[in-house]
Amino acid sequence: MKIFLDTANLDEIRQGTSLGVLDGVTTNPSLVAKEKRPFREHVLEICRIFEERGIHAAISAEVVSTDTEGMLREGRELASWHKSIVVKCPTTPDGIRACTILTREGIRVNMTLVFSASQALLVAKAGAYFVSPFVGRLDDISADGLQLVREIVEIYRNYNFPTEVLAASLRGPLHVAEAARIGAHIGTMPFKVFEQLFKHPLTDRGLEAFLKDWEKARATLGDILAPAKAAR
Ligand code: E4P
């Protein structure tokens, strides 16, 4: 499963890419607004961070028009900025229409704010590159977000739709692991959740014990980096 960061924060993206396990970024208007910088400049900076590390990333940038014509104008503009940009459109009738047209023009589209299997079916038929079901926001209203991901994966497999399932609005490591078990192609998560993926108390405790034992026997063991003594 590909791992995306759901953020527009450059420090978080830099830290994330340094680990070598990130495949992209999803932004949305709320995330971008928090950064308080010109949008174009900011999105291009995100693209450059991945480029510098030689990662072929997918960077989602969202339109803010709500009518098809406006989405087409914004989507074409966003896609022209950088080859890594995937245009994000909302899953409304206008958004679906824009997705069909942009896809025919060879522009990759991420259909966002998907909350039902029927929406996901339409998104695939419109040729979307990614479908983004929002897991956490469904859980927030006492629905089962991961069940939606399961249904979409099943439907897409039934008909060999090439649209990739991007499990979004993931709120913790269990969401991420379960999305991977279900077969989502991508999981996008806030930096805080990404950090949690690495953590396990037994890893910390185990390492601490290894190092203590090593320290106790250090005089005999020597130093890993010390030059080897010539054999007699
Ligand atoms: C996905 O592309 C969205 O930006 C995101 O996952 C929304 O998640 P939230 O529910 O944490 O805002």
Exercise. How many residues, within segment 181-209, are more than 20 Å from Y129 (Cβ to Cβ) and away from the ligand (no atom under 16 Å from the Cβ)?
Worked result: 13
For this session: Check segment 104-116 and report whether any residue there is touching a Pro at 6+ places or on another chain (Cβ under 9 Å), away from the ligand (no atom under 15 Å from the Cβ) and modelled with pLDDT of 95 or more.
Result: yes
For this session: Name every residue in segment 45-75 that is farther than 25 Å from I13 by Cβ, part of a helix (DSSP H, G or I) and open to solvent by 70 Å² or more (accessible area, probe 1.4 Å), in order of residue number.
Result: E69, R73
Problem set entry | segment 76-115, subset assigned to a loop (DSSP other than H, G, I, E, B) and touching a strand residue (DSSP E or B) at 6+ places or on another chain (Cβ under 8 Å), residue farthest from V43 (Cα to Cα) | F115
Exercise. With respect to S84, is the statement that it is open to solvent by 10 Å² or more (accessible area, probe 1.4 Å), touching a Cys at 6+ places or on another chain (Cβ under 9 Å), more than 13 Å from the ligand (Cβ to nearest atom) and not hydrophobic (A, V, I, L, M, F, W, C) true?
Worked result: yes
For this session: Could you list, in sequence order, all residues of segment 1-38 that are within 13 Å of the ligand (Cβ to nearest atom), under 11 Å from the mean Cα position of the chain (by Cα) and in a loop (DSSP other than H, G, I, E, B)?
Result: T7, T27
Problem set entry | Answer from G75, G54, G70 - the residue that is in contact with a Cys (Cβ under 8 Å, 6 or more places away or on another chain) and either within 14 Å of the ligand (Cβ to nearest atom) or of a type outside the set (S, T, Y) (or both) | G75
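The values are calculated or read from the model by the stated rules, or taken from the named source; none is laboratory data. Everything numeric in this text was worked out from a predicted model, so none of it was measured. Glycine gets a Cβ as well: all are built from the backbone with ideal geometry, and neighbour counts include every protein chain shown. With ligands, DNA and RNA removed, areas are computed over all heavy atoms of the protein, side chains included. Shrake-Rupley method; radii C 1.70, N 1.55, O 1.52, S 1.80 Å.
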